[in-house]
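Before any comments, here is the structure.
The values are calculated or read from the model by the stated rules, or taken from the named source; none is laboratory data. Bear in mind that the values here come from a model prediction, so they are computed numbers and not experimental data. Using ideal geometry, Cβ is built from the backbone for each residue, glycine included, and neighbour counts are taken over all protein chains shown.
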Amino acid sequence: MSRVLESPIEVKLKEGEPAGFAWRGTYYAVKEVLDCWKDAGCWWQGENTKIFYRVMTGQGSIFEIYRDTRQGAWFIYKIYD
């Protein structure tokens, strides 16, 4: 089961990939990047391209986070329970 959030986060990068992120006052270290992909959305309607990462944290939680390539901003997209 998962929950979709679209909540902004601060991300620390290492070699271009997420190494950790801060969300709601807690820092989550990324133990492993499980997957990475691009989503162009409805480009013909002007949607921004997003680069998604499915990550496992040091606590064993799995999150999908993404970077909006136009804004440069990072967001949590999904949390897996």
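With the checklist (1) free of Cβ contacts under 8 Å to residues at least 40 places away in the same chain; (2) of a type in the set (Phe, Trp, Tyr); (3) in a strand (DSSP E or B) in hand, flag the one item Tyr77 doesn't pass.
(1) is the only condition that Tyr77 fails.
For Lys31, work out the one condition from (1) over 10 Å from the mean Cα position of the chain (by Cα); (2) loosely packed, with under 14 Cβ neighbours inside 10 Å it doesn't fulfil.
Among (1) over 10 Å from the mean Cα position of the chain (by Cα); (2) loosely packed, with under 14 Cβ neighbours inside 10 Å, the lone unmet condition for Lys31 is (2).
Check whether at least one residue in the stretch 41-49 is among the acidic types (Asp, Glu) and modelled with pLDDT of 95 or more, and report yes or no.
No, because not a single residue in the stretch 41-49 is among the acidic types (Asp, Glu) and modelled with pLDDT of 95 or more.
For the stretch 58-78, name all the residues that are among the aliphatic types (A, V, I, L, M) and within 15 Å of Ala29 (Cα to Cα).
Residues satisfying the conditions are Ile62, Ile65, Ile76.
Going through the stretch 46-59 one residue at a time, which ones are over 15 Å from Ser7 (Cα atoms) and either free of Cβ contacts under 8 Å to residues at least 12 places away in the same chain or among the aromatic types (Phe, Trp, Tyr) (or both)?
Result: Gly46, Glu47.
In the stretch 1-48, which residue that is in contact with a Gly (Cβ under 7 Å, 6 or more places away or on another chain) and not in a strand (DSSP E or B) is farthest from Trp74 (Cα to Cα)?
Looking at residues that are in contact with a Gly (Cβ under 7 Å, 6 or more places away or on another chain) and not in a strand (DSSP E or B), I get Glu47.
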